[in-house]
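A short worksheet on the structure shown next.
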Amino acid sequence: MLFCWLALPAMSQGGGGFKQRPGPGIIESMKTGFIIQRLQMTPEESQKFWPIYNVYSAEVRQAYLTYQSHSNEIQLEENLLTIRKKYSVEFLKALSPGKINDFFRAEKDFNSFVQKERQRRQIQRRPFAGGQ
């Protein structure tokens, strides 16, 4: 699924660059698929997990929005840790403790992948600045 996401802009641009980026909805859909696959979730687990995840995700987004307006890195990290601790208990309603740990790891891996891909694409868009 991730490779399809990476290939689409290249195909739509004829290999001539990456002028379009996947929107947040596409990335969120990819993240959902990534997590389901990584955790090997059953349909029952998914049905219970995603409503809790949606609230968790909204709280994480709010923490980042607060950080953008206050720029306090330590406070952001403390807020994120508090949210993760809170939801590690909430996620027990849907997942085993081992899968909860796997979820946090998978989320971190996916976010890292997306960040690296964004950086790679930014580098590709830069004009060549070197001489001969």
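Test residue 54 against the criterion of being at pLDDT 95 or above, among the polar types (S, T, N, Q) and within 18 Å of residue 25 (Cα to Cα), and give yes or no. For residue 54, the condition - at pLDDT 95 or above, among the polar types (S, T, N, Q) and within 18 Å of residue 25 (Cα to Cα) - is met. Within segment 59-77, the set of residues being more than 16 Å from residue 111 (Cβ to Cβ), within 19 Å of the chain's Cα centre (by Cα) and surrounded by 11 or more Cβ atoms within 10 Å (Cβ to Cβ) comprises 62, 66. Among the residues of segment 64-84, is any of a type in the set (Ser, Thr, Tyr), out of contact with any Leu (no Cβ under 9 Å at 6 or more places or on another chain), assigned to a helix (DSSP H, G or I) and modelled with pLDDT of 95 or more? For segment 64-84, residues of a type in the set (Ser, Thr, Tyr), out of contact with any Leu (no Cβ under 9 Å at 6 or more places or on another chain), assigned to a helix (DSSP H, G or I) and modelled with pLDDT of 95 or more: present. Here is a check on your reading of the model: is residue 105 over 14 Å from residue 35 (Cα atoms), basic (Lys, Arg) and within 16 Å of the chain's Cα centre (by Cα)? Answer is no for this residue. Looking at residue 92, is it without any contact (Cβ under 8 Å) to a residue 24 or more places away in the chain and surrounded by 10 or more Cβ atoms within 10 Å (Cβ to Cβ)? Here the answer is yes, as residue 92 does meet what is asked. Might you let me know whether segment 2-21 holds any residue that is polar (S, T, N, Q), in a helix (DSSP H, G or I), surrounded by 11 or more Cβ atoms within 10 Å (Cβ to Cβ) and at pLDDT 90 or above? For segment 2-21, residues polar (S, T, N, Q), in a helix (DSSP H, G or I), surrounded by 11 or more Cβ atoms within 10 Å (Cβ to Cβ) and at pLDDT 90 or above: absent.
The values are calculated or read from the model by the stated rules, or taken from the named source; none is laboratory data. Note that the structure is predicted; figures quoted are calculated from it, not measured. Counting neighbours? That spans all protein chains shown, and the Cβs are built from the backbone with ideal geometry, glycine included.
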